[in-house]
1. Identify the residue in the range A:226-242 that is touching a helix residue (DSSP H, G or I) at 6+ places or on another chain (Cβ under 6 Å) and surrounded by fewer than 21 Cβ atoms within 10 Å (Cβ to Cβ) and, among all such residues, is farthest from residue A:3 (Cα to Cα).
2. Which of the numbered conditions does residue A:103 fail, given that it passes all the others? Conditions: (1) in contact with a helix residue (DSSP H, G or I) (Cβ under 7 Å, 6 or more places away or on another chain); (2) more than 9 Å from every other protein chain (Cβ to nearest Cβ); (3) surrounded by 14 or more Cβ atoms within 10 Å (Cβ to Cβ).
3. Test residue A:258 against the stated conditions and say whether it is over 23 Å from residue A:2 (Cα atoms), at pLDDT 95 or above, surrounded by 16 or more Cβ atoms within 10 Å (Cβ to Cβ) and in contact with a helix residue (DSSP H, G or I) (Cβ under 8 Å, 6 or more places away or on another chain).
4. Of the residues that sit in the range B:1-50 and are without any contact (Cβ under 8 Å) to a residue 40 or more places away in the chain and of a type in the set (A, V, I, L, M, F, W, C), which one is surrounded by the fewest Cβ atoms within 10 Å (Cβ to Cβ)?
5. Condition first: more than 21 Å from residue A:160 (Cβ to Cβ), within 11 Å of chain B (Cβ to nearest Cβ), surrounded by fewer than 17 Cβ atoms within 10 Å (Cβ to Cβ) and of a type in the set (Lys, Arg). Can you find one or more residues in the range A:123-137 that meet it?
6. What tally of residues in the range B:231-243 results from selecting those that are within 21 Å of residue B:29 (Cβ to Cβ) and either of a type in the set (A, V, I, L, M) or part of a helix (DSSP H, G or I) (or both)?
7. For the range B:51-81, which residues satisfy the criterion of being under 14 Å from residue A:98 (Cβ atoms) and without any contact (Cβ under 8 Å) to a residue 40 or more places away in the chain?
8. With the structure loaded, tell me whether residue A:177 is on the phi > 0 side of the Ramachandran plot and not aliphatic (A, V, I, L, M) or whether it fails that test.
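The values are calculated or read from the model by the stated rules, or taken from the named source; none is laboratory data. Quick caveat: nothing in here was measured; it's all calculated off a predicted structure. Neighbour counts run over all protein chains shown; Cβ positions are idealised from the backbone, glycine included.
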There are 2 protein chains.
Amino acid sequence: MKISIIKIGGNVIDFPDKLDHFLSLFEEVPGQKVLVHGGGVLATRLSERLGITPNMVEGRRITDQETLEVVTMVYAGLVNKQIVAKLQSHHINAMGLSGADGNLIRAIKRPVGKIDYGYVGDVQDVNAPLLEILLEKNCVPVVPAITHDGSGQLLNTNADTIAAEIGIALAEKHEVSIFYCFDKKGVLKDISDEDSFIPEINFSSYEKLKEENVIHSGMIPKLDNAFKAISKGILQVWLGRADQVHEAIKEEKVGTFIRF
Amino acid sequence: MKISIIKIGGNVIDFPDKLDHFLSLFEEVPGQKVLVHGGGVLATRLSERLGITPNMVEGRRITDQETLEVVTMVYAGLVNKQIVAKLQSHHINAMGLSGADGNLIRAIKRPVGKIDYGYVGDVQDVNAPLLEILLEKNCVPVVPAITHDGSGQLLNTNADTIAAEIGIALAEKHEVSIFYCFDKKGVLKDISDEDSFIPEINFSSYEKLKEENVIHSGMIPKLDNAFKAISKGILQVWLGRADQVHEAIKEEKVGTFIRF
């Protein structure tokens with residue numbers, strides 16, 4: 001199968017109009033697809049309303065018990081079910097599945113090192129056969145950033161990582177592309193010019209772009225992750241705006257493709 | 001297939017120890033099973049913490065937009081995923097599915113009559129083939145009291161009704177029993193004596209028990225619903241305590257069975 005894994009984050013989810021627009025375009029995405037999402041600013045807002053003080057250590061947010069409950073409610077509950085209900089209204093047979101559901105994604109609580117991140121999970125195992133059964137039936141799994149450890153504990157897990165790990169697990173038998181939607185039209189040569197996106201980056205051009213300081217700071221971990229996915233069998237990783245993903249999947253010249 | 005639909009409510013969900021105990025016993029329940037749940041007092045508590053004033057009309061709680069968001073978060077998010085993760089730790093392949101997921105339960109927003117109940121759904125259609133596929137694979141669907149209307153709107157739906165409607169839909173092809181867990185050992189002859197439960201009620205004994213005023217007030221709508229399910233092909237409806245349901249399923253003499 002040709003499978004597209006599409007990840008959306010706060011820059012889509014936080015704006016009802018943008019989310020609706022994206023979900024209506026999602027119908028046009030051909031082939032088998034998986035949607036991965038976080039919860040954007042809604043979780044922060046709910047925490048604030050509940051008077052939960054963000055637990056920050058060295059600039060990193062810690063997932064304590066209360067925060068885990070909030071992200072489970074917002075990601076796996078509100079956002080996930082709203083997306084699923086809207087996709088269903090577009091005649092897409094969406095099914096929301098956290099990592100616990102059908103043992104889709106088993107993770108391990110991040111070991112306590114210099115920082116104790118709390119209830120944060122690092123992915124250990126993806127149930128690819130379950131995804132295959134659903135995709136074969138034209139079902140669209142909608143996966144929030146919540147996993148479990150197999151011993152009854154839910155865990156907060158980075159949505160970018162979930163998209164990559166699902167992709168890698170499916171890439172053993174299928175042609176998998178990952179589409180990361182973010183707030184830019186792609187990897188930009190000039191951050192002030194939205195149209196300066198680089199259409200394709202491969203291993204050798206990546207090294208050159210880093211040397212020339214065209215790609216720097218925040219983009220480096222993002223692209224390192226993309227190349228890690230490529231090295232593990234993913235066909236291509238795309239970076240661009242959510243309102244262009246349906247064009248990108250048709251191989252139209254939008255956004256940035258990361259290829260071998 | 002022999003299928004057991006088990007419904008739990010606040011009297012189990014609201015007490016972590018009771019819920020854990022119930023979920024550990026759930027492993028012993030033989031055969032194919034579906035778990036239906038509400039959200040108990042957690043939704044009320046979250047509403048209170050968020051400062052949402054309960055919208056009551058003629059003693060009935062109205063599901064306004066904010067309340068719908070709260071119940072979606074609590075039922076389909078927190079409670080559902082905690083139950084699923086715990087069942088997974090007991091080696092039960094649980095999968096949490098709201099009515100929107102895989103178009104499992106389509107409902108219609110209750111028409112506005114004397115009272116506008118808000119975002120409350122009356123069940124129209126249950127996707128029995130989806131449940132059959134999952135049950136054949138030894139998966140245990142865990143269904144919160146949230147449905148959708150097929151046009152993108154989530155709806156709050158009574159968990160007892162969901163259990164009955166799922167049962168009726170599956171009864172066309174399968175031998176279905178419904179187990180309603182509540183706070184009593186069964187239908188009691190003497191409300192002050194927990195051991196006075198009536199082991200079996202059928203149509204004719206029901207009429208007699210009502211005439212004799214043994215069964216009255218709150219039990220009548222509950223039993224009327226049970227007999228409605230029986231008349232639509234359900235084999236038996238059981239009423240009793242959650243910690244006895246595994247015995248009831250083995251046809252041991254606990255609780256009250258409603259049969260034709």
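1. A:232
2. Condition (2) is where residue A:103 drops out.
3. Numbers: over 23 Å from residue A:2 (Cα atoms): no; at pLDDT 95 or above: yes; surrounded by 16 or more Cβ atoms within 10 Å (Cβ to Cβ): yes; in contact with a helix residue (DSSP H, G or I) (Cβ under 8 Å, 6 or more places away or on another chain): yes.
Against the criterion (over 23 Å from residue A:2 (Cα atoms), at pLDDT 95 or above, surrounded by 16 or more Cβ atoms within 10 Å (Cβ to Cβ) and in contact with a helix residue (DSSP H, G or I) (Cβ under 8 Å, 6 or more places away or on another chain)), residue A:258 does not qualify.
4. Here is the first cut: in the range B:1-50, the residues without any contact (Cβ under 8 Å) to a residue 40 or more places away in the chain are B:10, B:14-17, B:40-50.
Now restrict to residues that are of a type in the set (A, V, I, L, M, F, W, C): B:15, B:41-43, B:46, B:50.
Details: B:15: 15, B:41: 15, B:42: 21, B:43: 22, B:46: 21, B:50: 13.
If we take residues in the range B:1-50 being without any contact (Cβ under 8 Å) to a residue 40 or more places away in the chain and of a type in the set (A, V, I, L, M, F, W, C), then B:50 is surrounded by the fewest Cβ atoms within 10 Å (Cβ to Cβ).
5. Yes, there is a match, as at least one residue in the range A:123-137 is more than 21 Å from residue A:160 (Cβ to Cβ), within 11 Å of chain B (Cβ to nearest Cβ), surrounded by fewer than 17 Cβ atoms within 10 Å (Cβ to Cβ) and of a type in the set (Lys, Arg).
6. Here the count works out to 6.
7. B:73, B:77, B:78, B:81
8. Numbers: on the phi > 0 side of the Ramachandran plot: no; not aliphatic (A, V, I, L, M): yes.
No.
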